[in-house]
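Below is one structure, written out as structure tokens; comments come after it.
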Amino acid sequence: MTIREIVEYPSPILAQVSATVENFDKELKELVSDMIATMYAAPGIGLAAIQIGIPKSVIVFDCSEEGNSPQSLINPKIIKAEGEVNSEEGCLSIPGYRETIKRSERVLVSGFDLEGKPVEISADGLLSRCLQHEIDHTKGKLIIDRFSRIKKDMFIKWFQKKNT
Ligand code: NI
């Protein structure tokens, strides 16, 4: 279990589309255990493999109140989405930034566990938001890619100010 460095915006790595995992092997289990350690250390409630520079479709998350139920999902996909809800969101790859984002209210997500067994997760609330956010990462998408032009300009100003 190793805490890895989190890739931050504006690294082009974050825009990469992650590859489908084919081998449910020891290497995958090690990747997931590193990702969970990295997520907790940050601290955060979700992390995608691309955020530690690995372009594989793997996400980890823990939306439990106690923060002691780490979960992972391989090759996650949204197969059903319903409703709309606005809520504030942040991203470990854009530290210090939070903004309101519109997302689906409820989602049905499919994927695989570490053994390669198909799983489905039906989610609402924080878990739904977290899954949608992490699945975006596997497609090379960040929260700012969901912004309107004006909001994105405001973000760029915020980012430039932060880095001067
Ligand atoms: Ni993120």
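Data overview
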item	result
Of the criteria (1) more than 12 Å from the chain's Cα centre (by Cα); (2) surrounded by 15 or more Cβ atoms within 10 Å (Cβ to Cβ), which one residue 53 fails	(2)
Residue tally, condition in a strand (DSSP E or B) and either at pLDDT below 95 or surrounded by 23 or more Cβ atoms within 10 Å (Cβ to Cβ) (or both), over the range 59-71	3
Residue within the range 17-28 that is in contact with an Asp or Glu (Cβ under 7 Å, 6 or more places away or on another chain) and surrounded by fewer than 17 Cβ atoms within 10 Å (Cβ to Cβ) present	yes
Any hit, the range 36-58, residues being in a strand (DSSP E or B), without any contact (Cβ under 8 Å) to a residue 40 or more places away in the chain and polar (S, T, N, Q)	no
Filter result for residue 148 (farther than 23 Å from residue 6 by Cα, out of contact with any Lys or Arg (no Cβ under 7 Å at 6 or more places or on another chain) and surrounded by 18 or more Cβ atoms within 10 Å (Cβ to Cβ))	no
Checklist (1) of a type in the set (S, T, N, Q); (2) more than 18 Å from residue 131 (Cβ to Cβ); (3) part of a strand (DSSP E or B) applied to residue 23, failing item	(3)
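The values are calculated or read from the model by the stated rules, or taken from the named source; none is laboratory data. This one's a predicted model, so the numbers in the text were calculated from it and none came from an experiment. Counting neighbours? That spans all protein chains shown, and the Cβs are built from the backbone with ideal geometry, glycine included.
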